[in-house]
1. How do the pairs read when you match residues in region 117-130 that are surrounded by 15 or more Cβ atoms within 10 Å (Cβ to Cβ) with residues anywhere that are polar (S, T, N, Q) and in a loop (DSSP other than H, G, I, E, B), using Cβ under 8 Å and keeping only pairs 6 or more apart or on different chains?
2. Return yes or no: is L150 closer than 30 Å to S74 by Cβ and either at pLDDT 75 or above or not in a helix (DSSP H, G or I) (or both)?
3. Can you pull out the helices (runs of 4 or more DSSP H) entirely within region 27-145 that have at least 2 residues that are more than 14 Å from the chain's Cα centre (by Cα) and among the acidic types (D, E)?
4. Could you list all residues from region 50-83 that are surrounded by fewer than 12 Cβ atoms within 10 Å (Cβ to Cβ) and farther than 13 Å from S114 by Cα?
5. Would you confirm, using the coordinates I've provided, whether I50 is closer than 29 Å to G139 by Cβ and β-branched (V, I, T)?
6. Of a type in the set (G, A, S), surrounded by 17 or more Cβ atoms within 10 Å (Cβ to Cβ) and over 27 Å from A79 (Cβ atoms), is that true of G137?
7. Give me a count of the residues in region 16-41 that are over 18 Å from G128 (Cβ atoms) and either among the charged types (D, E, K, R) or at pLDDT below 70 (or both).
8. When you scan region 42-49, do you find a residue that is at pLDDT 85 or above and either among the small types (G, A, S) or surrounded by 11 or more Cβ atoms within 10 Å (Cβ to Cβ) (or both), even just one?
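The values are calculated or read from the model by the stated rules, or taken from the named source; none is laboratory data. Please read all numbers here as calculations on a predicted model, not as lab measurements. Here the Cβ positions follow ideal geometry from the backbone for every residue, glycine too, while neighbour counts run over all protein chains shown.
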Amino acid sequence: AGIVNYFKQLKMAVLDPGNGAGGALERNNRIAVFAFAILPGLSPNFNSFILLASMVSGLYCLATGRLALNLSRSDRLVAISMSIYPLVMIASIFINPPYSEELDWIFRLLPFFSVWLILPRMRQSPDGRLLPLFILGAGIGMIVTFVFSLLQIMFLMSRAEAGTSNAALLGIIGLLFGGISQYRNSLLYASRRLNVAKRNAVENTSSDPQQCRVRSPSFCPGHQKHD
């Protein structure tokens, strides 16, 4: 019953469209972020598909007026930094072209440019809504990837690759997204410590009302301001 309730809550967190005109866009943002965090160790190519689909969807929303291309200074720095690598690679393709399939190589670099449309689109979601889903998805994805890798070592191959087809890449992804999944535990620990500190402050001030003069009234239950 507990597992069923957990998956019901997870479904509501990911698929609930919310309220208002931006509900569908916000729901799509949550689905894309959650899926993107789950899949790196299982299918990196599908992550590229998510980025391309998000970019096409962003272009559609931009053309229909549902999305404004408003980038903050930090957004522009991130977008420019991610665009340098594909631009250099495209230039090298034209300077020293491969034997064939130039367009195929350029198409593989398009996901790097999706950040120009993904960042304004993600800004449409309320603050603090997407990060917990990304952290949760990273944790679930790493657990599934670990089980998949364990089965590979036991029955199929000497070095686990999961869905990456590269053992070194799997190690990098495991370190990155495994660390992201642990970030949630750090947040929970900090929140728990803060709640304990507030509770202790309330207990201390309630036992000594004189301290209410130097502490915030929010820490003093029943505190009323007298003229």
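1. As it stands, the answer is P120/N70; R123/N70, since those pairs meet every condition given.
2. On the way: closer than 30 Å to S74 by Cβ: no; either at pLDDT 75 or above or not in a helix (DSSP H, G or I) (or both): yes.
Taking the combined requirement at face value, the residue does not satisfy it.
3. Values: elements: 44-63, 73-95, 102-109, 115-122.
Helices (runs of 4 or more DSSP H) meeting the threshold: 102-109.
4. A63, T64, G65, A68, N70, S72, R73, S74, L77
5. Numbers: closer than 29 Å to G139 by Cβ: yes; β-branched (V, I, T): yes.
So I50 fits the description; yes.
6. On the way: of a type in the set (G, A, S): yes; surrounded by 17 or more Cβ atoms within 10 Å (Cβ to Cβ): yes; over 27 Å from A79 (Cβ atoms): no.
Spelling it out, it is not the case that G137 is of a type in the set (G, A, S), surrounded by 17 or more Cβ atoms within 10 Å (Cβ to Cβ) and over 27 Å from A79 (Cβ atoms).
7. 1
8. Going through region 42-49, the residues at pLDDT 85 or above turn out to be 49.
With the extra rule that they be either among the small types (G, A, S) or surrounded by 11 or more Cβ atoms within 10 Å (Cβ to Cβ) (or both), the set shrinks to 49.
Looking for residues that are at pLDDT 85 or above and either among the small types (G, A, S) or surrounded by 11 or more Cβ atoms within 10 Å (Cβ to Cβ) (or both), one finds at least one in region 42-49, hence yes.
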